[in-house]
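The values are calculated or read from the model by the stated rules, or taken from the named source; none is laboratory data. As the structure is a prediction and not an experimental result, all values here were calculated from the model. Cβ coordinates were reconstructed from backbone atoms using ideal geometry, including for glycine residues, and neighbour counts include every protein chain displayed.
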Amino acid sequence: MARNRELVSEKRNYLVLTVAQAKEIVDNWLVEIDLANVTKLGLPEVDDRYHLWRVPLCAENGSKLGEVVIDAYTTEILPAKTTKPEILTARLLKQDETKIVEARKEKPQYKLSTLRNTIGLGDSVELLQDMPAESVDLIFTSPPYFNARPEYSEFEEYEQYLFKMRQVIKRSHRVLNEGRFFVINIAPVLLRRASRSESSRRIAVPFDLHRIFIEEGYDFIDDIIWLKPEGAGWATGRGRRFAADRNPLQYKAVPVTEYVLVYRKQTDLLIDWHIRHHPDRELVAASRVVDGYEKTNVWKINPATGSKHPAAFPKELAEKVITYYSFKGDVVLDPFAGSGTVGAAASELGRRFVLFDSNPVYVELIREAVVTWENVNFSAMMWINCKPVSPPSIPILNSLNTSKIDLADTLDAQIELTEGES
């Protein structure tokens with residue numbers, strides 16, 4: 001009988017739409033790990049709250065062995081949520097799986113990144129995909145606002161915006177070092193009404209992004225409130241009607257705050273572990289925060305003024321985040337770099353920076369500004385899809401018309417070249 005009701009997976013625009021597709025993905029995975037002939041599949045179920053497919057794995061006698069979890073948007077099998085192949089094998093053979101779990105636990109090693117200062121033009125989703133795993137120590141960004149300003153927002157539908165943010169957050173998880181921080185500056189946005197007969201609409205973007213962070217393997221640490229002067233909020237137009245008429249029900253608070261949400265990549269390591277095991281004790285000592293730091297989660301900071309970027313955040317905000325959540329010498333990534341505020345603050349504070357932006361106008365602003373930044377070794381900088389600001393002493397990595405590079409291979413080549421010149 002013909003189906004006349006739209007599937008949940010179709011409503012969500014998943015790539016994995018049906019039970020048959022989910023089974024096919026798992027069958028192929030079982031062939032790869034040599035367990036196809038000794039396991040059976042249970043009934044796959046779509047978990048639309050987390051945008052996942054869950055496929056039970058069973059032994060020949062029907063007893064459950066574990067499950068495979070598939071990202072419904074990308075068709076990717078998620079290793080962190082899927083039962084490990086060695087555990088499946090142990091359960092099939094009725095072995096003691098606790099010994100396998102113990103064997104998997106290796107003594108953690110502190111990872112020092114070899115990344116150079118980097119400026120890249122392109123889609124951050126693609127550029128992040130080319131970065132080495134666990135090569136970044138802090139991510140701080142203020143992503144594009146979803147709103148009705150065509151000169152700044154490229155997204156027509158809010159779900160499209162959230163999907164893009166999920167891809168960035170997911171790929172950032174891979175490049176972020178274990179137990180390190182992803183800090184995001186975000187605020188609700190106001191969609192202005194199209195006509196006087198319609199109402200404006202306010203979207204609680206921070207709360208939707210919070211859910212994505214948790215689903216993608218981050219722990220929530222802090223909600224910091226960036227408090228601006230009272231006059232900063234009147235530019236939105238919110239609250240003017242009430243100020244004039246004072247009628248009940250018309251009241252709308254003038255927004256003078258934004259969120260600075262702090263997340264940590266999930267780990268069993270305590271934060272103190274990174275302090276105790278950092279191999280350069282002098283850098284740890286030099287990174288100690290001096291008096292005058294923010295003691296509460298309300299930070300009073302004036303907005304940025306005079307920037308050529310339509311939504312620049314103040315350098316002071318970047319300085320505080322970088323100081324509180326990284327060591328000197330660390331690598332700080334901004335996947336939505338805009339005019340490069342994070343890079344300017346990072347270099348001034350003795351950190352390295354990786355700045356990506358898809359807009360060539362904003363990358364040009366960074367290129368113009370980087371020559372004024374402190375502690376930048378231009379001979380060792382990486383330029384991806386854009387020209388260096390001065391004649392390079394190393395080969396140009398890419399041009400505006402070339403295809404995507406393998407960033408990990410390029411890093412190795414550049415390190416060898418730089419060491420050869422020293």
Can you name every residue in the stretch 341-359 that is free of Cβ contacts under 8 Å to residues at least 60 places away in the same chain and either among the small types (Gly, Ala, Ser) or surrounded by fewer than 20 Cβ atoms within 10 Å (Cβ to Cβ) (or both)?
-> Ala344, Ala345, Ala346, Glu348, Leu349, Asn359
Which condition does Thr296 not pass, out of (1) under 23 Å from Ile184 (Cβ atoms); (2) under 24 Å from the mean Cα position of the chain (by Cα), if it passes all the others?
-> (2)
Of (1) buried (at least 16 other Cβ atoms within 10 Å of the Cβ); (2) not assigned by TED's automatic domain parsing to the domain that holds Asn13, Arg54 satisfies every one except (2)
Mind listing whichever residues of the stretch 236-271 are assigned to a helix (DSSP H, G or I) and more than 24 Å from Ala80 (Cα to Cα)?
-> Thr236, Arg240, Arg241, Phe242, Ala243, Ala244, Asp245
Of the residues in the stretch 193-204, how many are closer than 26 Å to Arg166 by Cβ and either at pLDDT 95 or above or among the basic types (Lys, Arg) (or both)?
-> 2
With the condition kept exactly as written, say whether any residue in the stretch 296-303 is crowded, with 18+ Cβ neighbours inside 10 Å, part of a helix (DSSP H, G or I) and either hydroxyl-bearing (Ser, Thr, Tyr) or in the same structural domain as Ser172 (by TED's automatic domain parsing) (or both).
-> no
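For the stretch 48-74, which residues satisfy the criterion of being closer than 27 Å to Phe163 by Cβ and without any contact (Cβ under 8 Å) to a residue 12 or more places away in the chain?
As a first pass, look at the stretch 48-74 and keep what is closer than 27 Å to Phe163 by Cβ: 48-55, 67-74.
Once the filter is applied, which keeps residues that are closer than 27 Å to Phe163 by Cβ and without any contact (Cβ under 8 Å) to a residue 12 or more places away in the chain, the stretch 48-74 yields only Arg49.
Quick check: anything in the stretch 17-32 surrounded by fewer than 16 Cβ atoms within 10 Å (Cβ to Cβ), touching a helix residue (DSSP H, G or I) at 6+ places or on another chain (Cβ under 6 Å) and not assigned by TED's automatic domain parsing to the domain that holds Gln266? Talk me through it step by step, then tell me what you get.
Restricting attention to the stretch 17-32, the residues satisfying the condition of being surrounded by fewer than 16 Cβ atoms within 10 Å (Cβ to Cβ) are 18, 20, 24, 27-28, 31-32.
So of that shortlist, the ones also touching a helix residue (DSSP H, G or I) at 6+ places or on another chain (Cβ under 6 Å) come out as none.
No, that holds for no residue.
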